[in-house]
Amino acid sequence: MMIIDTIIAMCRKITELGVALLAVAVVLQIVFGTAVPFIGVDAIGNVTKIISGLGNNGLVGLIAAAVLYNVVNKK
């Protein structure tokens, strides 16, 4: 059981790191514009595409957004 708890804790930390990196990328893109050379991706565009994709799927998108929210905020 301890191994599973360790794996879950590692996955949780990796998710937190990913969310933090995404937030930094969005802030840097807002501050410096779309040409942030060391990021290499359009963070705001990607987030916008994900949100619009969830919105286009109606109820399924809403359920998927709720599941993602619970996964990210589960302590």
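Where a number appears in this text, it was derived from the coordinates with a stated rule and is not lab data. Since the model is a prediction, treat every value here as computed from it, not as a measurement. When we count neighbours, we look across all protein chains shown, and the Cβ atoms used for this are built from the backbone with ideal geometry, even at glycine.
Can you compute the charge dipole magnitude of the chain about its Cα centre, using +1 on each Lys and Arg Cβ and -1 on each Asp and Glu Cβ, nothing else charged? Give it in debye, rounded to the nearest 20. Show your work: numbers first, answer last.
On the way: 5 positive and 3 negative charges, 29 e Å.
Dipole of the chain, to the nearest 20 debye: 140 debye.
Do me a favour and compute the ellipsoid semi-axes for the chain from its Cα gyration tensor, root of five times each eigenvalue, largest one first, whole Å.
Working: eigenvalues 141, 84, 13 Å².
For the chain, the ellipsoid semi-axes come out as 27, 20, 8 Å.
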Between the modelled labels at Thr34 and Tyr69 (7 Å from Cα along Cα→Cβ) the distance in nm is 3.0 nm
Among the chymotrypsin sites (Phe, Trp or Tyr not before Pro) within region 23-75, which fall in a DSSP loop and have no more than 12 other Cβ atoms within 10 Å of their own Cβ? Phe38
